Amino acid sequence: MKTLLLTGFEPFLSFTINPTEKIVQELKDEVVGGFRIISEILPVDFEKAGKQLVSLISSHQPDAVISLGLAGGRYKITPERIAININDGEKDNQGNVKVDEPIQEKGMDAYLSTLPIRKMVDLLKEKGLPAEISNTAGTYLCNHVMYSALHYCKEHNLAIPAGFIHIPASHELAIEHGRIPSWSHEDLKRGIIICIEALLAQ
Ligand code: PCA
């Protein structure tokens with residue numbers, strides 16, 4: 001059976017819960033859209049996250065890769081269109097601070113997602129969940145891992161769909177955080193299942 005590597009992130013900054021963790025853990029070993037799900041949680045660490053994702057791709061040789069991250073403050077599920085060759089932003093969980101650094105010294109400036117992002121958004125909306133393509137994954141860890149996966153696939157001629165989806169906060173996180181838009185865990189998880197099913201139509 002085909003496999004799909006699905007990653008989430010640990011909590012970071014003021015977000016005491018990362019809703020991607022629970023989704024990824026609950027989908028572990030499930031079969032979705034014809035893929036058996038391989039689940040992993042990545043650290044919010046500039047030195048480790050990209051390397052860890054790349055080594056998971058290399059050891060599992062999945063047929064598709066989807067990484068998930070929390071975009072606290074967003075209202076919709078947002079498949080990302082593009083990852084840029086920049087590490088920058090707030091400190092990570094190890095206290096590393098990056099300012100305008102390239103992720104790959106000789107890497108391309110940017111990579112476009114190879115996931116069917118338009119199909120994902122159309123399907124999500126068809127099934128009643130708000131979604132739109134995002135044209136920036138930022139410059140923090142989510143952009144970092146998306147760039148790292150796409151760079152690895154390009155360098156190794158791996159023609160598998162790979163990319164990143166940002167999700168809004170869960171109610172559970174919103175209760176702890178304060179003023180932040182949120183979705184139920186069930187809807188977030190259903191949204192991710194729909195995104196995976198969109199790969200079928202490829
Ligand atoms: N979101 C952050 C990093 C980890 C996560 O879940 C981001 O958007 O970069």
(message) With an 8 Å Cα cut-off and a minimum separation of 6 or more residues, compute the relative contact order for the range 1-149 in percent.
(response) 27 percent
(message) Rg and Dmax in Å for the range 106-200, alpha carbons only: what are they?
(response) 15.0, 45
(request) Pull up all non-local amide H partners of Gly8: gap of 5 or more, or a different chain, and H-to-H distance under 5 Å with H placed in the peptide plane. (result) Glu40, Ile41, Leu42, Leu68
(request) Work out, in µm²/s and without decimals, the Stokes-Einstein translational diffusion coefficient of the range 23-84 at 25 °C, 0.890 mPa s, Rh from Kirkwood over C-alpha pairs. (result) 182 µm²/s
(request) Report the FRET efficiency, 1/(1 + (r/R0)^6), for Glu105 and Leu13, where r is their Cβ-Cβ distance and R0 is 30 Å, rounded to 0.05. (result) 0.65
(message) Please compute the volume of the convex hull spanned by the alpha-carbon atoms of the range 59-135 and report it per residue in Å³.
(response) 149 Å³
(request) Considering the options Leu5, Leu70, Leu199, tell which one lies farthest towards the positive end of the dipole of the chain, charges being +1 on Lys and Arg and -1 on Asp and Glu at the Cβ, about the Cα centre. (result) Leu199
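Relative to the Cα centre, what is the charge dipole magnitude of the range 47-136, using +1 at the beta carbon of each Lys and Arg, -1 at the beta carbon of each Asp and Glu, and rounding to the nearest 20 debye?
340 debye
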(request) Note down the nm distance, to one decimal, between modelled labels 7 Å out along Cα→Cβ at His177 and at Gln94. (result) 2.5 nm
(request) Counting helices only, and only those DSSP H runs with n ≥ 4, report the 222 nm mean residue ellipticity of the chain as the sum of -39,500 (n - 2.57) divided by its residues, in deg cm²/dmol to the nearest 500. (result) -10000 deg cm²/dmol
(request) Taking amide H positions as placed in the peptide plane 1.01 Å from N, state which residues far from Glu101 in sequence (5 or more) or on other chains have amide H under 5 Å from it. (result) Asn87
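Set the bar at 26 Å for Cα to Cα. Now go through Lys76/Lys98; Lys125/Lys154; Lys51/Lys125; Lys2/Lys22; Lys91/Lys189 and name every pair that lies beyond it.
Lys76/Lys98; Lys125/Lys154; Lys51/Lys125; Lys91/Lys189, as the Cα separations exceed 26 Å there.
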(request) Mind putting a number on the dipole of the chain about its Cα centre? Charges go on the C-beta only, +1 for Lys and Arg and -1 for Asp and Glu, and I need it in Debye to the nearest 20. (result) 440 debye
(request) Assuming 1.002 mPa s and 20 °C, estimate D for the chain with Stokes-Einstein, Rh taken as the Kirkwood radius over Cα pairs, in µm²/s. (result) 129 µm²/s
(message) Test of understanding: ordering Val24, Val31 by Cβ neighbours within 10 Å, fewest first, what list do you get?
(response) Val31, Val24
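Every number here is computed from the coordinates shown, using simple stated rules; none is lab data. Since we're looking at a predicted model, the values are computed, not measured. Here Cβ is always computed from backbone atoms with ideal geometry, including for glycine, and neighbour counts include all displayed protein chains.
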